[in-house]
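Derivation of every value follows stated rules applied to the coordinates shown; laboratory data play no part. Treat the numbers as computed from the prediction; the structure is a model and nothing was measured. Note that we place each Cβ from the backbone using ideal geometry, even for glycine, and neighbour counts take in every protein chain shown.
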Amino acid sequence: MTDAPDFLVIGAARSGTTALTSFLGEHPDVFVSTPKEPHFLAFPGGAPRFAGLGDDDLINRGAVRDEQAWRDLFRGRSERRRGEGSVTTLAHPDASIPAIERLCAPGCRLVVMLRDPVDRAFSSWLYLRSRGYDAGSFEECLAAEDERTRAGWSHMWQLARLSRYAEQLVPFAAAFGDRLLVVVQEEFAADPTGQLRRVLEFLEVDPDVDIDPSRRVNAAGLPRSRAMASALNTFRRSPVLRRVVTAVVPQRQRERIRSANLDKTTVDPATRARLAALLADDVRDLQELLGRPLTMWPTAAVANGPA
């Protein structure tokens, strides 16, 4: 099927998927859809209208709600590999796995990127704040997560749940076996060239193409200037402005401008300890699933206990 993807970057959110799909999109034999996250496979019956703070901007406006519109994203492409990068795919396995099996090309390959689960959750909160959505402190958002999920807030506000990787990944591993590749974000950051090569080899395209996977993409942090953040967010939410600016300013320059307005900050140590303890059982299950320890993660040290 030339109107169906044959690879997917399925998540996890705030683990480097935007960067990875950006790098893959630079390969001459790889096509990545626009939008990068159509969100269709998680909601093949039509995406719900999420009701959370910022959800209109974060997902409602961009979600592709019709199968034909989703197929049209890939129609007529001649590249060896065609794919998309919706993190909702991993977050909703019960819906997305049968959708992949029914709608994607035979033999479709899946790539998942995972990072330390506490760092992922905190990065998601930072991202929301940088987009201008202040629903409380990190701790307040964690406390309100279940109530907000019941009230229809989107996956982006499920800070702890989306960091329970094994819970989401087990059914994908069972369904797709060796057609699923797990990439650890911290290992990608330590060896971007080697890890990108690993992904390209998994997709069976030339791994020796000149791509620089060391640059930062979609960085997180608290905005230094609210005025600058407001201006950037106005640009994102205006289709007309976005078309004009993207036509004139290269993506790398836009990313440098956005990153320059962000202050790096870290999660409170007490909060980290509490959340790491909450996620410890899932980290243990994930290590068993992968067949190796994740010693590069501070949360894994909590999960594994004293040496």
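How do 188, 7, 202 line up, fewest other C-beta atoms within 10 Å first?
On the way: 188 24, 7 29, 202 18.
Arranged by neighbour count, lowest to highest, 188, 7, 202 become 202, 188, 7.
Ranking 147, 167 by Cβ neighbours within 10 Å, fewest first, what do you get?
Numbers: 147 9, 167 15.
Going from least to most buried by this count: 147, 167.
Please work out the Kirkwood hydrodynamic radius for region 30-86, using every pair of different C-alpha atoms, and report it in angstroms with one decimal place.
Averaging 1/r across every pair of different Cα atoms and inverting gives 12.0 Å.
Quickly rank 148-160, 294-306, 83-95 as a protection proxy: mean count of other C-beta atoms within 10 Å, highest first.
Details: 148-160: 19.4, 294-306: 16.6, 83-95: 22.8.
Packing proxy ranking, top to bottom: 83-95, 148-160, 294-306.
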